[in-house]
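Here's the structure, in structure tokens; my notes come after.
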Amino acid sequence: MKYGQFLLNTQVNYTGTYFADTVNGLNHNSVYRYLKHAKMKPSMIWEKTSELLEVSENGYILFDDTVADKDFSFDIELVRNQYSGNAHGLVKGVGIVTCVYYNPKTDRTYALDFRIFAPEVDGKTKLDHVKEILLHLVNSRNLPFRYVLMDSWYATTDMMMTIGKDLGKIYYCPLKSNRLVKEQGSAGEHVPVDSLEWTPDAQGKGRIIHVHKFPQTQLMKLFRFVVSTDRTDYVVTNDLSQNSTTDAQKESAIRWKIEEFHRELKQLTGIEKCQARLERSQRNHICLAIMAWICLKEAALRRGVTAYVQKREPLIQFMTEQWRHPATAFC
């Protein structure tokens, strides 16, 4: 896996040409051919993670998607205009649906699976990919977990019913402010969630509600988080025994572990940097970048440092050595 080792080693330049320049006897065409013909699959992420995974009956499954920015090229296969949460708008890039596992006892995050969002290729939506991954983890991997966390985009009736009713798991999921709900026992119509009035008791303990288009018997607990003067978040859970807004906010906040995963992928593995045009090359590069992240996190854990320190330390050592023995002296 020389290419994976290259992704771990390189600090700035992630091109195949640079890879070939740093390895004696390696031609850049060899790198191109490897990315073109290798068959890296998402299942390889599980194979690598399973050797390291420490599970918990109270574990969390986290889902989200990210966009590998390819702003300067439509010539790369898989590139399409799609919404990016970071950019708060449409960007050109490769969509990646990711899944990670979080163990609350050890405070560790593990990459489990990913899918490339390419509806023109396989006809699947992001929701299709998430459901496929989730059911595979339950039915084939037998992975123990209790909670599922996801973004509001995935808060569909089908997804939440699958998690709560079919799998018997607990979800915490943000609701958009225009989602229609009504309080338990109310004879009125469903109203936008941001139009509900909140008593101090409801603010502190949450309120039981019914979400529009769900079965009448499917009730949820709604919590309101006042983040700032101009931002209020709403989160629902099927755990009706949850009676603390503070605790519900802590549970929901664990979802940001997958955002940390995406940030580290982009900053430390060059997952966005592959310039190869072929679909297979992009898929191979993305898979190897995630595997490189797994190696990086494990090495950082053993040394008790962050992934950023683990990645940058060789560069710091190089610069320190240059002060002692500069390759080019300042005249």
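The table below lists the values:
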| quantity | calculated |
| --- | --- |
| The stretch 166-197: number of residues that are more than 23 Å from VAL148 (Cβ to Cβ) and either free of Cβ contacts under 8 Å to residues at least 12 places away in the same chain or among the hydroxyl-bearing types (Ser, Thr, Tyr) (or both) | 8 |
| So GLU321, is it at pLDDT below 95 and surrounded by 17 or more Cβ atoms within 10 Å (Cβ to Cβ) | no |
| Contacts under 6 angstrom Cβ, first residue in the stretch 75-91 being under 22 Å from HIS285 (Cα atoms), partner at pLDDT below 80 and surrounded by 15 or more Cβ atoms within 10 Å (Cβ to Cβ), 6 or more apart | VAL91/SER84 |
| Checklist (1) closer than 30 Å to ASP128 by Cβ; (2) touching a helix residue (DSSP H, G or I) at 6+ places or on another chain (Cβ under 8 Å) applied to LEU8, failing item | (1) |
| Residue list for the stretch 46-81, restricted to those being small (Gly, Ala, Ser) and part of a loop (DSSP other than H, G, I, E, B) | SER50, SER56, GLY59, SER73 |
| Pairs, first part of a loop (DSSP other than H, G, I, E, B) in the stretch 313-331, second of a type in the set (Lys, Arg), C-beta under 7 Å, six or more apart | none |
| Any chance TYR14 is assigned to a loop (DSSP other than H, G, I, E, B), touching a Ser or Thr at 6+ places or on another chain (Cβ under 9 Å) and at pLDDT 85 or above | yes |
| Close pairs (6 angstrom Cβ cut-off, 6 or more residues apart or separate chains): in contact (Cβ under 8 Å) with a residue 40 or more places away in the chain in the stretch 9-29, exposed (fewer than 13 other Cβ atoms within 10 Å of the Cβ) anywhere | GLN11/LEU315 |
| Answer from VAL181, VAL148 - the residue that is touching a Phe, Trp or Tyr at 6+ places or on another chain (Cβ under 8 Å) and either crowded, with 21+ Cβ neighbours inside 10 Å or at pLDDT 95 or above (or both) | VAL148 |
| Restricting the stretch 26-45 to residues that are outside any loop (DSSP other than H, G, I, E, B) and in contact with a Phe, Trp or Tyr (Cβ under 7 Å, 6 or more places away or on another chain), the residue that is modelled with the lowest pLDDT | VAL31 |
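The rows are residues; the columns are (1) within 22 Å of ASP166 (Cβ to Cβ); (2) of a type in the set (S, T, N, Q).
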position	(1), (2)
VAL193	no, no
GLN203	no, yes
ASP230	no, no
THR237	yes, yes
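The values are calculated or read from the model by the stated rules, or taken from the named source; none is laboratory data. Keep in mind that this is a model prediction, so the values were computed, not measured. Cβ: placed from backbone, ideal geometry, glycine included. Neighbour counts: every protein chain shown.
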